[in-house]
1. Going by the conditions given, is V27 of a type in the set (V, I, T) and either on the phi > 0 side of the Ramachandran plot or at pLDDT 95 or above (or both)?
2. Restricting to region 12-32, name every residue that is in contact (Cβ under 8 Å) with a residue 12 or more places away in the chain, part of a loop (DSSP other than H, G, I, E, B) and more than 8 Å from the chain's Cα centre (by Cα).
3. Does V58 satisfy the criteria of being part of a loop (DSSP other than H, G, I, E, B) and either basic (K, R) or touching a helix residue (DSSP H, G or I) at 6+ places or on another chain (Cβ under 8 Å) (or both)?
4. Would you point out the residue of region 9-30, among those that are touching a Phe, Trp or Tyr at 6+ places or on another chain (Cβ under 8 Å) and acidic (D, E), that is nearest to M47 (Cα to Cα)?
5. In a loop (DSSP other than H, G, I, E, B) and charged (D, E, K, R), is that true of E66?
Amino acid sequence: MINSFTAKYTKISSGYMGQLIEWPEVVTEGETLEECNLMLKDALKEMIQAYRQIGKEVPHTQSIFEQITVEA
């Protein structure tokens, strides 16, 4: 089964923090955006494996995300 998750990247003093919108417990940091992306994918794989080992269901969502632009 293929699942899609939405990554959110935030610039921090040491580089970037990456977190999944649908699964906020999956979070990591990297010095570059590319490194953070790779680490977030790895963290997701590890979390899925851990959930399966303890018999927990991996979060699924039917949500639709849309970015809204407004002049502030």
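The values are calculated or read from the model by the stated rules, or taken from the named source; none is laboratory data. What you see is a predicted model, and the numbers here were worked out from it, not measured in a lab. In this analysis, Cβ positions are derived from the backbone assuming ideal geometry, glycine residues included, and neighbour counts consider all displayed protein chains.
1. Against the criterion (of a type in the set (V, I, T) and either on the phi > 0 side of the Ramachandran plot or at pLDDT 95 or above (or both)), V27 qualifies.
2. Scanning region 12-32 gives S14, E25, E31, T32.
3. yes
4. Per the criteria, the residue is E22.
5. Taking the combined requirement at face value, the residue satisfies it.
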